[in-house]
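Participant: Would you mind keeping the following structure in view while I ask a few things?
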Number of protein chains: 4
Amino acid sequence: MAFQIRTDLALEARESAEEASGDLRGVSVDEYDLEASDIHVTKVVIESANGATALGKPIGTYITLEAPAMTEPDEDYHKEISEEIAKQLWELLPDMTREQSILVVGLGNRDVTADSLGPRVTDNLLITRQVMKEFGAAAYEREKMHSISAVVPGVMAATGMETAEIIRGVAGQTKPDAVVVIDALAARSTRRLNRTIQITNTGIHPGSGVGNHRNAITAQTIDVPVVIAIGIPTVVDAQTIVNDAIGRWNVGEHGSGGALETPELLPELANFYVTGKDVDEIVKRLSYTISEGLNRAFERFGAES
Amino acid sequence: MAFQIRTDLALEARESAEEASGDLRGVSVDEYDLEASDIHVTKVVIESANGATALGKPIGTYITLEAPAMTEPDEDYHKEISEEIAKQLWELLPDMTREQSILVVGLGNRDVTADSLGPRVTDNLLITRQVMKEFGAAAYEREKMHSISAVVPGVMAATGMETAEIIRGVAGQTKPDAVVVIDALAARSTRRLNRTIQITNTGIHPGSGVGNHRNAITAQTIDVPVVIAIGIPTVVDAQTIVNDAIGRWNVGEHGSGGALETPELLPELANFYVTGKDVDEIVKRLSYTISEGLNRAFERFGAES
Amino acid sequence: MAFQIRTDLALEARESAEEASGDLRGVSVDEYDLEASDIHVTKVVIESANGATALGKPIGTYITLEAPAMTEPDEDYHKEISEEIAKQLWELLPDMTREQSILVVGLGNRDVTADSLGPRVTDNLLITRQVMKEFGAAAYEREKMHSISAVVPGVMAATGMETAEIIRGVAGQTKPDAVVVIDALAARSTRRLNRTIQITNTGIHPGSGVGNHRNAITAQTIDVPVVIAIGIPTVVDAQTIVNDAIGRWNVGEHGSGGALETPELLPELANFYVTGKDVDEIVKRLSYTISEGLNRAFERFGAES
Amino acid sequence: MAFQIRTDLALEARESAEEASGDLRGVSVDEYDLEASDIHVTKVVIESANGATALGKPIGTYITLEAPAMTEPDEDYHKEISEEIAKQLWELLPDMTREQSILVVGLGNRDVTADSLGPRVTDNLLITRQVMKEFGAAAYEREKMHSISAVVPGVMAATGMETAEIIRGVAGQTKPDAVVVIDALAARSTRRLNRTIQITNTGIHPGSGVGNHRNAITAQTIDVPVVIAIGIPTVVDAQTIVNDAIGRWNVGEHGSGGALETPELLPELANFYVTGKDVDEIVKRLSYTISEGLNRAFERFGAES
């Protein structure tokens, strides 16, 4: 296809790949609905190079939680969603029944609403590393609390540094067992904006996110054993939305092929994205739900086991 | 045309009207370039009901300053642009050689980057009303300073009130001679985003701006003799951009008419807008240039005469 | 007394008055502890001119909730405190079993941490007026939801207007049944900072708060039937703290009278205040607890009755 | 002295030391006024261990610029002050006639107004490292621009890490020739608040600043050849102000010694500080003046030589 699919969601990459070829060897998919809550879970596992090529994503596990209600106000701040986030994290993180040190990274730009998810999530985290360092193992035995630290690296235009440089430097000093990166993602269609959470153990790879801070952040690039990435799509690439619209219009009206002919009208949109008018309220809520999920996974959740 | 033009710029409305019919009776246009600076000035005057219908804008004067360099950093903070803003304001405002009381209104949502122009402009204004009230006429004689006040009403989702209700209430108490409203606008194409300033004496009318705070703000609705609106387009309506893209693609590839057939794929985009990835830096600069323009018009500029 | 007591808390004014004279005719006091929670409630009622003179506060009811735990993190966001706030508000507000329209005013300066309580409380309020206006009485019958609006007037240095002018103007347009004003207060001693909530039906009176936005806001000045003020002391006036320290030191070391001799060293501190190093975390928590209290009083609480 | 002097200003430490003993061997002082501007420059050089002990500050150079007008609004944003900052930096930094890579660190807490100087300064810096890396030496030859990067580490309560750990990590990755740290300081008296800039080549040492982020940041602790610190006192330690007041009152009224007897009334003030009511406006202006000074030193200033 002349026009590269611009999506950070393995879920959408798979759909597109299916349309394009249907060859999905090396990709396993498991889907189920959570009882007693309106959450649809899809687990895409890319098992081989063929699967990675087909989806344009690295080998690894991609869990998506789709919860249409996620953008609505809720008295319990979407407790069931944050509990599911905690459960999934618990499985992807290293042995959480023993004390772990975890560095949470809030990617993105606090000054751009649609890109502020990462920094906002760190605002509501329970930070414990300084306490654990002071009281040592006793604190963990007593509290079953893990050693949590957080950093908001900022974007390259403001720091002059690549995000990976900053994280590698900080991780090199504090030697966490795992890094959890939070970032705003780009979806292919507005249908999934703000209602889909992707959790993956492959880290972050250059994509079409809001900011230009998307150099690869993986176990290799930052030299940490485990790198989990949690993301929610808050934008759609402007070129993608126009291309898809033309493709659909074109298929509908004049048979296939439109998408192939459109690149020439896209360049003007290269640095633009599409987002919702209520993005501020929504990012505020979503960041709260994710930070609750992290807090459960790191503290309360740990205490229960 | 089946699809209503979504633009707050009289300049673009005129272009579209020209394409559509060419009947521009009741609309006069004057254009010129400013020497010693890269600013193109267009003055559209809608003189009659026919002109108002053709452009879908009320009768009045619409001045646009187009300055491609506006988004670039500049040591003097675009002095020449802020001076031109001051000059144009000086002509639209009531007798500025006598003391005037002016209420500046920063429309929009501080928490949505693309919609934060208005609130940010008020942050850098020289507020003098409280001083003038304390020292009275003497202060004006000495300083040739006008009585400037400012308010940021906020958006309906946060206040439960219409912006016009709040402004009418505040103006009813402080009885300003004129109100100057600052707001982020929507353009038809990304070509004019962030590099066009529109100054009009018609106030604000429901349009396709970023927020849902666009109830009419005019001399009638807020009961103030003069209402000037200053706006810069920071977004493009998502439906507009897709529609235009299809229109152009369609015309280019298969002759005319595409635009007529597209409404059915637009609804999903009704609450979305397109904006630039560097919107934070740009809105920061633009708000500074506009507040400098207002400060010149209200204080230094006044002192010179 | 040469040095005026600088406190916004009727509780402290009463203590000082007692020390000074002991004449507390016209002041009734009722105290009790809430079972199952560590909240101490004091209800000071100033019933006569003599009481008002003795305490330097207007006639009316002053309820203070003292909760030492208030500054600590809490999973339920201090549910018991917000429930008590709701209960007390419910008693001071007009007939809440019928639909009421209430305007909440967030006083203070969002850019000064210790003064940002009011604006922050409005950030978490459930705003319903725009919905009620759209769906009318049916919405109240169905939801038992009151018509809630909110405004953040800003400080005079930023607006050029007195806060009361802005509120009077807004209330004049929207005609609320009651106004609830939220503000950061000044205490006499650091002992009560951040752990005392004062709720009064006397509105706001010029005091020693953080900002210079303390012109009177009462039923008379803003022309609304009922004006409730909710405040938490986040600062101590710098002159007060030095004066008290000298007074105590002086009494302790050299017998009484120190306070009388100290005014000459105070002027340099006239525009300074004392606040805690963790004021940001604390104001964030307190504002959340208060907004929860208001939301309970206005919505859920109403629904229960 | 029973009560340790709480000041980050070498200037004040010297005054106190003089009062206390007068033994200032190992401390050289040079003072002068700048012509054509109201700036008083004091250069304190601590040359020996004896001097370091006497002043309670490490060996090194401490330059203070006192400019009473600094807090006032100014059309040129205090050009003469930012030029003097640039001049002094130019002398303390390594060979600026050759390309240097400099990391600017904005210490402090953005959410606490009086502590937000560092983060705010970085907001207005010209960041060039990413450009220099892309265009290499050519860029320097053409622009005479140095390679500037910046980081805002945040405070320990939010990160769980010591500021020095984060800076050491980031510097370890980017290997700057020099680090310039910006921080809000504590003065001994309100007289010097907001009107004194201290520039030193000794870095940052645990002191009585606003936040609890004051672990040592020196060439040794972060492993960078040169560490310059620029600070402005925005607060006074609450214990200091009370102690000084009692001391002065006591000396004035009853002869000397008061300060010796006061520690018992200080503990309650341990975690409190004194700041001005207009701290938001002032920190906004000061941060702008400092960032202008840095930009001049790094770019324009460099280009001139």
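The values are calculated or read from the model by the stated rules, or taken from the named source; none is laboratory data. What you are looking at is a predicted structure, and each value in this text was computed from that prediction instead of being measured. Glycine also receives a Cβ, built like all others from the backbone with ideal geometry; neighbour counts cover every protein chain displayed. Areas reflect the complete protein model, heavy atoms only, side chains present, ligands, DNA and RNA absent. Shrake-Rupley method; radii C 1.70, N 1.55, O 1.52, S 1.80 Å.
Participant: With respect to the numbered conditions (1) under 30 Å from residue A:173 (Cβ atoms); (2) not in a loop (DSSP other than H, G, I, E, B); (3) not small (Gly, Ala, Ser), which one is the sole condition not fulfilled by residue A:62?
Facilitator: The one condition residue A:62 does not meet is (1).
Participant: If you check D:186, D:158, which single one turns out to be within 14 Å of chain A (Cβ to nearest Cβ) and outside any loop (DSSP other than H, G, I, E, B)?
Facilitator: None of the others qualify; the one that does is D:158.
Participant: Further question on the same structure: Specify which of the listed residues (C:99, C:83, C:134) is surrounded by fewer than 21 Cβ atoms within 10 Å (Cβ to Cβ), in contact (Cβ under 8 Å) with a residue 12 or more places away in the chain and not in a loop (DSSP other than H, G, I, E, B). Give the derivation first.
Facilitator: Details: C:99 fails: not in a loop (DSSP other than H, G, I, E, B); C:134 fails: in contact (Cβ under 8 Å) with a residue 12 or more places away in the chain.
Result of the check over C:99, C:83, C:134: C:83.
Participant: Now for a different question. If I go through the stretch A:161-183 residue by residue, how many of them are at the interface with chain D (Cβ under 7 Å from one of its Cβ atoms) and within 18 Å of residue D:102 (Cα to Cα)?
Facilitator: 4
Participant: Working only within the stretch C:53-68, note down all residues that are without any contact (Cβ under 8 Å) to a residue 60 or more places away in the chain and open to solvent by 20 Å² or more (accessible area, probe 1.4 Å).
Facilitator: C:53, C:54, C:56
Participant: Here's something else I'd like to know. Is one or more of the residues making up the stretch B:115-126 among the polar types (S, T, N, Q) and either more than 15 Å from residue C:160 (Cβ to Cβ) or at pLDDT 95 or above (or both)?
Facilitator: yes
Participant: Among the candidates C:60, C:106, which residue alone is at positive phi and of a type outside the set (Val, Ile, Thr)?
Facilitator: Working: C:106 fails: at positive phi.
Among C:60, C:106, only C:60 is at positive phi and of a type outside the set (Val, Ile, Thr).
Participant: Filter the stretch C:137-191 for residues that are of a type in the set (Asp, Glu), surrounded by fewer than 24 Cβ atoms within 10 Å (Cβ to Cβ) and in contact (Cβ under 8 Å) with a residue 24 or more places away in the chain and give the result.
Facilitator: C:143, C:162, C:177
Participant: Within the stretch A:264-287, take every residue that is in a helix (DSSP H, G or I) and out of contact with any helix residue (DSSP H, G or I) (no Cβ under 8 Å at 6 or more places or on another chain) and give me the one that is modelled with the lowest pLDDT.
Facilitator: A:264
Participant: Select from the stretch D:111-125 the residues that are touching a helix residue (DSSP H, G or I) at 6+ places or on another chain (Cβ under 6 Å) and surrounded by fewer than 20 Cβ atoms within 10 Å (Cβ to Cβ) and list them in ascending order.
Facilitator: D:111, D:124
Participant: Quick check on the stretch C:28-52: of everything there that is touching a Ser or Thr at 6+ places or on another chain (Cβ under 6 Å) and among the β-branched types (Val, Ile, Thr), which residue is surrounded by the most Cβ atoms within 10 Å (Cβ to Cβ)?
Facilitator: C:42
Participant: Looking for something touching a residue at least 24 places away in the same chain (Cβ under 8 Å), assigned to a loop (DSSP other than H, G, I, E, B), within 22 Å of residue D:218 (Cβ to Cβ) and among the acidic types (Asp, Glu) - is there at least one such residue anywhere in the stretch D:28-46? Before the answer, list the steps.
Facilitator: Keep residues of the stretch D:28-46 that are touching a residue at least 24 places away in the same chain (Cβ under 8 Å), which gives D:34, D:36-42, D:44, D:46.
Restricting the remaining residues to those that are assigned to a loop (DSSP other than H, G, I, E, B) gives D:34, D:36-39.
Checking which are within 22 Å of residue D:218 (Cβ to Cβ) leaves us with none.
No: the stretch D:28-46 contains no residue that is touching a residue at least 24 places away in the same chain (Cβ under 8 Å), assigned to a loop (DSSP other than H, G, I, E, B), within 22 Å of residue D:218 (Cβ to Cβ) and among the acidic types (Asp, Glu).
Participant: Could you look through the stretch D:288-305, keep only residues that are touching a His at 6+ places or on another chain (Cβ under 9 Å) and modelled with pLDDT under 90, and pick out the one that is least open to solvent (accessible area, probe 1.4 Å)?
Facilitator: D:302
Participant: Another question, if that's okay. Pairs under 7 Å by beta carbon, first residue within 8 Å of chain B (Cβ to nearest Cβ) and assigned to a helix (DSSP H, G or I) in the stretch C:117-131, partner open to solvent by less than 20 Å² (accessible area, probe 1.4 Å) and β-branched (Val, Ile, Thr), six or more apart or different chains?
Facilitator: Every condition considered, the pairs that remain are C:122/C:104; C:129/C:148.
Participant: Can you tell me which residues in the stretch A:86-115 are of a type in the set (S, T, N, Q) and facing another protein chain (nearest Cβ under 9 Å)?
Facilitator: A:109, A:113
Participant: One residue is enough: does the stretch A:207-229 have a residue meeting the conditions part of a helix (DSSP H, G or I), open to solvent by less than 10 Å² (accessible area, probe 1.4 Å), touching a helix residue (DSSP H, G or I) at 6+ places or on another chain (Cβ under 8 Å) and in contact (Cβ under 8 Å) with a residue 40 or more places away in the chain?
Facilitator: Checked the stretch A:207-229: at least one residue is part of a helix (DSSP H, G or I), open to solvent by less than 10 Å² (accessible area, probe 1.4 Å), touching a helix residue (DSSP H, G or I) at 6+ places or on another chain (Cβ under 8 Å) and in contact (Cβ under 8 Å) with a residue 40 or more places away in the chain.
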